[in-house]
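Chemist: Supplied in structure tokens, the structure appears directly below.
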Amino acid sequence: MAAKSKLTGGAFLFKNADIADVFIPEEFTEDQKMVLQSVKDFMLKEVHGLGIARVASLDAEKDKELVMEIFKKAAALGFCGVSVEEKYGGGGLDFNTALLFTEGLAGGFSFATTIGCQTSIGSLPIAWYGTEEQKTKYLPGIVSGEKGCSYCLTEPSAGSDANSGKTQAVLNAEGTHYIMNGQKMWITNGGFAEIFTVFAKIDNDEKLSAFIVEKDFGGISLGKEEKKMGIKASSTVQVFFNNVKIPKENLLGERGKGFNMALNILNSGRIKIAAGGVGGMKFGLDKTVEYCKTRVQFNKPIAEFGAMKQKLGIIATNLFAIESGVYRIGADVDKKREELLKSGSSGNDAEINSMREYAIECAILKVLGSEAMCNTGDEAIQIFGGMGYSMETGVEMAYRDARITKIYEGTNEINRMLTLAEFYKRAFVTKELKLKDAQSFVPAAILKNYIPFTGGGFLGTEFEFVNNLKSIFLIITGAAGAKLKEKLVDEQEIVMNLADILSMAFVTESALLRVKKLSENPNTNKAELEVKTKMAQLYLYDALDTVRKSANNAIDSYAKGAEKILLKGLMRRMLRTYHINPKDVRRQVADFMLKQNGYNF
């Protein structure tokens, strides 16, 4: 049984985690590792087995039969219902294992999007918000792959501002059916879906509601398959609703609560993008390591050149840090769910509220995970050179497929602003975050920095730096809020600067906690511990640069006079130089990856 979570969402800012309460990827069981390996093996056999040239040319419209053939094979192995309860035919995986499954999907390129939609945003609205009757009716067909499913939120005039959608449902005179009219776009799996979760406004409601809509209801028509930059083999269409007659009992959840439902489903999708990013980065790192060892220039493998080692070191370091944050929070979601179930919550409420608890962290991981994965694709092309730009190797396909991750599940700009908005809401509106805890945390950090860092044992200096990152966020956010008040929300550049500071604090801490916990385990491989320590330290080194830039931008954008001088002085003291040799550390990390033929921990 999972232990009670000692940290609530967002509270990492002014509470130090108990190492014993932090989950690290090295703690996955053999059964969980088998889930990861099974999906990776499937992707290698069924997708990569087609050959890179064939995969790169797959088209959702022209190759629909082939894609659906692979889809049915995946369903036969249980891949379409990993997160659905066993009583409905699903795998009943806990959330963290479902994230591991998502990591394994990444090697499937476009097909990962097809299965990802089916197992996540396509089915979870019913699994989390459905009545027993709705679950019994719809989930078994989704799990078996008999029924494809889609999530219909976005409209031509309603993207990030989803609540402004115009699709409408009106209850008929008999009170038996809703009549739906409207249009949705960018609908993944829409070209073959039989079941749609559709968000629409009932009558003249200000807020969205959600409906389970079957294609067999009639009145549904589809646009042509979109011609996209990447994920070309995944189905993406517009869906049109023309007087669709929906039984009253197909209202999903409560009337007017659809927007909250959409946000919470997207929270799950956001951290899954980060988990997919982990899988994509591992795949990309393994491929680039292989190429660096075999590509010879100037009479030696390019793996021996410092410029290549720098790239490999950066990719591995970002991967290690993001991986640490993803599975730390995945485990916390599971712990929170168990806690809620023990306290008497229903299964639906436990799923919903455990996910909502970590909305801040999910947004952070979505942003950093997608950006790190896109950077990996870009650097892979650079390492492969002209061969990377050619379709022959498949590297350019990975680059194009990765790019969408910075857009869907909310653009990264929206997620940065959501991170800060959620923090403010919990701190000042719902009072879930106890700011009184920060009143002692921040002054202590300021006072401590009038004297040199004490060290404090293994990684002591590094953890003091992390506490300073948290304090810098709280100080600048508090000062900006006091100065700008409600106008702060309109200063999006400042908001995004603050979100980046918060993000660096969380992910850097996650990497360091992972290394700290490993260091306390006598069975930890010493060579691996050394390189993991180097990666955590290198991530901190780069995070300090990011925070210095973001903090300077924020302060210079609103502060003046004495306040500006004070804040800049505090920042310089708290973000002082961190003394490592980044060149040597990156080379050590790269050399380890080259020796192990990739990220083979």
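Values quoted throughout were computed directly from the atomic coordinates according to the rules given, and no laboratory measurement underlies them. Predicted model only: the values in this text are computed from it and were never measured. No Cβ is skipped: glycine too gets one built from the backbone with ideal geometry, and neighbour counts run over all protein chains shown.
Chemist: Given the pairs Lys272/Lys516; Lys87/Lys147; Lys135/Lys215, which span a C-alpha to C-alpha distance of over 20 angstrom in this model?
Modeler: Lys272/Lys516
Chemist: Moving on to the next point. How much length is gained on full extension from Glu486 to Asp161, taking 0.36 nm per residue of separation minus their Cα-Cα distance?
Modeler: 115.0 nm
Chemist: Still on this structure, please answer the following. Taking the chain as the reference, fit the longest principal axis to its C-alpha atoms, fit the long axis of helix 526-558 to the helix C-alpha atoms, and give the angle between the two in degrees, 0 to 90, nearest 10.
Modeler: 80 degrees
Chemist: Same structure again: Return the inverse of the average 1/r over all pairs of distinct C-alpha atoms in segment 1-115, which is the Kirkwood hydrodynamic radius, in Å to one decimal.
Modeler: Over segment 1-115, the inverse of the mean reciprocal pair distance is 16.4 Å.
Chemist: For the cross-link pairs Lys336/Lys532; Lys336/Lys425; Lys33/Lys73; Lys282/Lys342; Lys40/Lys293, which exceed 30 Å when the distance is taken from alpha carbon to alpha carbon? Spell out each step's value before the answer.
Modeler: Values: Lys336/Lys532 28 Å; Lys336/Lys425 20 Å; Lys33/Lys73 21 Å; Lys282/Lys342 37 Å; Lys40/Lys293 24 Å.
Lys282/Lys342, as the Cα separations exceed 30 Å there.
Chemist: Quick one: in the chain, what % of C-alpha pairs are over 40 Å apart?
Modeler: Details: 48997 of 180300 pairs.
For the chain, the fraction of Cα-Cα distances above 40 Å is 27 percent.
Chemist: Give, as ranges by residue number, the residues of segment 291-315 whose backbone N falls under 14 Å from the point 7 Å along Cα→Cβ of Asn600.
Modeler: Residues passing the 14 Å test: 291, 293.
Chemist: Using only Cα atoms, tell me the angle between helix 412-424 and the longest principal axis of the chain; keep it within 0 to 90° and round to the nearest 10.
Modeler: 80 degrees
Chemist: Taking a temperature of 4 °C and a viscosity of 1.567 mPa s, what whole-number D in µm²/s does Stokes-Einstein yield for segment 434-581 with Rh from Kirkwood over alpha carbon pairs?
Modeler: Numbers: Rh = 16.3 Å.
The Stokes-Einstein estimate is 80 µm²/s.
Chemist: Ranked by Cβ crowding within 10 angstrom, fewest neighbours first, how are Cys117, Cys149, Cys362, Cys374 ordered?
Modeler: The fewest-first ordering by Cβ neighbours comes to Cys374, Cys117, Cys149, Cys362.
Chemist: Follow-up. Let me check the size of segment 149-255 from its C-alpha atoms; what are the radius of gyration and Dmax in Å?
Modeler: 13.4, 47
Chemist: What is the distance in Å between the Cα centres of segment 236-308 and segment 56-101?
Modeler: 15 Å
Chemist: Using 0.36 nm per residue, how much length does the chain from Arg576 to Thr29 gain when fully extended, once their Cα-Cα distance is taken away?
Modeler: This chain segment gains 192.9 nm when fully extended.
Chemist: While we're here: For a quick check: sort Cys80, Cys292 by the number of other beta carbons within 10 angstrom, fewest at the front.
Modeler: Cys292, Cys80
Chemist: Could you tell me what fraction of 2.2 N^0.38 Å the Cα radius of gyration of segment 205-338 comes to, as a two-decimal ratio? Before the final figure, lay out the partial values.
Modeler: Values: Rg = 23.2 Å, N = 134, 2.2 N^0.38 = 14.1 Å.
Relative to the 2.2 N^0.38 Å estimate, segment 205-338 comes out at 1.64.
Chemist: Still on this structure: Can you sort Lys147, Lys166 by how many other beta carbons sit within 10 Å, fewest first?
Modeler: Working: Lys147 21, Lys166 13.
Ranked by crowding around the Cβ, least crowded first: Lys166, Lys147.
Chemist: Right, something else. Any idea what the relative contact order of segment 166-247 is, in percent, if you count C-alpha pairs under 8 Å spaced at least 6 apart?
Modeler: 39 percent
Chemist: Hey, how many Å between the Cα centroid of segment 501-527 and the Cα centroid of segment 171-186?
Modeler: So the separation of the two Cα centres works out to 51 Å.
Chemist: Rg and Dmax in Å for segment 92-154, alpha carbons only: what are they?
Modeler: 12.2, 36
Chemist: Still on this structure, please answer the following. So for segment 264-339, what percent of the C-alpha to C-alpha distances run longer than 17 Å?
Modeler: 56 percent
Chemist: Report, ordered by chain and residue number, the aspartates and glutamates lying within cross-link reach of Lys257, taken as a straight Cα distance under 15 Å and ignoring same-chain residues fewer than 8 apart.
Modeler: Result set, ordered by chain and number: Asp203, Asp205, Glu206, Asp349.
Chemist: Stokes-Einstein at 4 °C, 1.567 mPa s, Kirkwood radius from Cα pairs: D for segment 517-592 in µm² s⁻¹?
Modeler: 88 µm²/s
Chemist: Within the chain, what percent of beta bridges assigned by DSSP are antiparallel, to the nearest 5?
Modeler: 80 percent
Chemist: So which lysines can Lys431 reach, going by Cα to Cα under 17 Å and dropping same-chain residues fewer than 8 places off?
Modeler: Partners within reach: Lys15.
Chemist: I've got another one for you. Below 8 Å, C-alpha to C-alpha, sequence gap of six or more: please give me the relative contact order for the chain in percent.
Modeler: Relative contact order comes out at 16 percent.
Chemist: Moving to a separate point now. What is the projected area of the convex hull of the Cα atoms of segment 295-427, averaged over all directions, in nm²?
Modeler: 10.7 nm²
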